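Peer 1: A single structure is presented below for examination.
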Amino acid sequence: MTDGRPTSDFDDVCGIVANETRFSILQALWDAHTETPAEIEGPERDPVPFSELRERVGVQDSGRFNYHLSELVPRFVQHREDGYALTHTGARIVGAAVSGVYTETDTELDPTAVGDCGVPDCDGTLEASYEDGHVTVACDGCDVRIVMHAPPILIGAHDIESNPDTLQQYTLSEIQKTIRGFCPLCNGPIDTRVARAHLDGEAPEDDRVKITHQCRECGQVSHTSAVSLLLDHPAVVSLLYEAGYDYRDVALWRRPDSVESAEFIVDDDPVQVEVTVTVDDEPLRFLLDGELQVIEYERP
């Protein structure tokens, strides 16, 4: 966790890249990087000579430009014998700016239909909206509601209205990253466990066991259901494929009628969770331990 850690390093980084000239240098190096022929990759890409870089940035005073450039070396910019190139860290700074995470505050998406609700006996329509850095998918006929953080570029650069599956693909990629143990915010290690409320006696709602994922470094907390941990387990992928489904197209908020799942806490000392995925009346049963690792699975 970051509590109690010195923040001087982070403050220094923010101070360095907040300068307009320095960020322009990073942007110019990125532009030069992307102009290089695609067949040339990695460190073999040509660095930009000092004079050319200064011209790209548009700073006339050579001494002032050199000062700002030196402030970026070596953390954000690599100085080579024949010029300068972005480091991975420098590229991430540019990428964050392009994504709009730190700059776009007014990106919104009005409620947009993304399909029918998959809840039995519900004829409602699922609608997606975006505001304040979060995508919300909610049903207008029941209480289904999923909220997830997303960068503004997801809405600004993708046509969600004509291709709503973009949201599903983004969600799947974020969940896969999380269940593999990487924080979606800082990439730190994640601890995954059954939500404390369940262990304190609260019964799961709607046959769903809430799973808590917490980053050890930044403290970010997210929640999923237990079945999400098995989305790309080979046995689940195979079961879906045999029935004609690509698991990558099965949205958390809109599953085919023939795909069902149920989750139960079968023991709390030690913790064990049972998850059953059923496709075309063919069940696949999993037993997970307290660390949410698969102990066993079977197709009865």
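Peer 1: Quick check on segment 227-249. Is at least one of its residues within 23 Å of A128 (Cα to Cα), in contact with a Ser or Thr (Cβ under 8 Å, 6 or more places away or on another chain), surrounded by fewer than 17 Cβ atoms within 10 Å (Cβ to Cβ) and not polar (S, T, N, Q)?
Peer 2: Within segment 227-249, not a single residue is within 23 Å of A128 (Cα to Cα), in contact with a Ser or Thr (Cβ under 8 Å, 6 or more places away or on another chain), surrounded by fewer than 17 Cβ atoms within 10 Å (Cβ to Cβ) and not polar (S, T, N, Q).
Peer 1: Of all residues being assigned to a loop (DSSP other than H, G, I, E, B) and touching a Gly at 6+ places or on another chain (Cβ under 9 Å) in segment 242-268, which is modelled with the lowest pLDDT? Just the residue, please.
Peer 2: That would be W253.
Peer 1: So how many residues does segment 219-241 have that are outside any helix (DSSP H, G or I) and in contact (Cβ under 8 Å) with a residue 60 or more places away in the chain?
Peer 2: Qualifying residue count for the region: 2.
Peer 1: Wholly within segment 117-195, which strands (runs of 3 or more DSSP E) include no fewer than the required count, namely at least 3 residues that are not assigned by TED's automatic domain parsing to the domain that holds A262?
Peer 2: 125-131, 134-139, 145-149
Peer 1: Would you call E108 farther than 30 Å from T21 by Cβ, of a type in the set (D, E, K, R) and assigned by TED's automatic domain parsing to the domain that holds V227?
Peer 2: Judged against the criteria, E108 is not a match.
Peer 1: Pull up segment 203-217, narrow it to residues that are under 20 Å from E260 (Cβ atoms) and not in a loop (DSSP other than H, G, I, E, B), then point me to the one that is modelled with the highest pLDDT.
Peer 2: Among them, the one singled out is I211.
Peer 1: Can you say whether L288 is farther than 30 Å from H149 by Cβ, in contact with a helix residue (DSSP H, G or I) (Cβ under 8 Å, 6 or more places away or on another chain) and at pLDDT 95 or above, as far as the supplied structure shows?
Peer 2: no
Peer 1: Restrict the check to segment 270-289 and report whether at least one residue is surrounded by 13 or more Cβ atoms within 10 Å (Cβ to Cβ), in a loop (DSSP other than H, G, I, E, B) and in contact (Cβ under 8 Å) with a residue 60 or more places away in the chain.
Peer 2: Checking segment 270-289: not a single residue is surrounded by 13 or more Cβ atoms within 10 Å (Cβ to Cβ), in a loop (DSSP other than H, G, I, E, B) and in contact (Cβ under 8 Å) with a residue 60 or more places away in the chain.
Peer 1: Sort out which residues of segment 126-167 are among the hydroxyl-bearing types (S, T, Y) and surrounded by 15 or more Cβ atoms within 10 Å (Cβ to Cβ), and write them in order of number.
Peer 2: Once the filter is applied, which keeps residues that are among the hydroxyl-bearing types (S, T, Y) and surrounded by 15 or more Cβ atoms within 10 Å (Cβ to Cβ), segment 126-167 yields S129, Y130, T136, T166.
Peer 1: Identify all residues within segment 98-150 that are β-branched (V, I, T) and touching a His at 6+ places or on another chain (Cβ under 6 Å); write none if there are none.
Peer 2: Within segment 98-150, just V147 meets the criteria.
Peer 1: Let me ask something else about it. Just to check your reading of the model, which residue among V271, V266, V294, V259 is closer than 22 Å to G118 by Cβ and not aromatic (F, W, Y)?
Peer 2: One residue alone meets the criteria, V259.
Table: residues versus (1) modelled with pLDDT of 75 or more; (2) not charged (D, E, K, R).
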| site | (1), (2) |
| --- | --- |
| T7 | no, yes |
| C14 | no, yes |
| H33 | yes, yes |
| V57 | yes, yes |
| R64 | yes, no |
| T103 | no, yes |
| E108 | yes, no |
| P111 | yes, yes |
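Peer 1: Then there is this: List pairs: first residue in segment 106-135 and in contact (Cβ under 8 Å) with a residue 24 or more places away in the chain, second residue among the polar types (S, T, N, Q) and assigned to a loop (DSSP other than H, G, I, E, B) anywhere in the structure, Cβ distance under 7 angstrom, at least six positions apart or on different chains.
Peer 2: Taking only residues 6 or more apart or on different chains, the pairs are Y130/T107.
Peer 1: Can I ask one more? Considering only segment 287-300, state which residues are under 22 Å from I190 (Cα atoms) and either of a type outside the set (A, V, I, L, M) or within 26 Å of the chain's Cα centre (by Cα) (or both).
Peer 2: Matches in segment 287-300: L288, D289, G290, E291, L292, Q293, V294.
Peer 1: On the basis of being more than 17 Å from the chain's Cα centre (by Cα) and farther than 21 Å from S228 by Cβ, does G115 make the cut?
Peer 2: So G115 does not fit the description; no.
Peer 1: (1) surrounded by 15 or more Cβ atoms within 10 Å (Cβ to Cβ); (2) outside any loop (DSSP other than H, G, I, E, B); (3) modelled with pLDDT under 85: which one isn't true of A96, the others all being true?
Peer 2: Failed condition: (1).
The values are calculated or read from the model by the stated rules, or taken from the named source; none is laboratory data. Predicted model only: the values in this text are computed from it and were never measured. Neighbour counts are summed over all protein chains in view; Cβ atoms, including those assigned to glycine, are modelled from backbone coordinates with ideal geometry.
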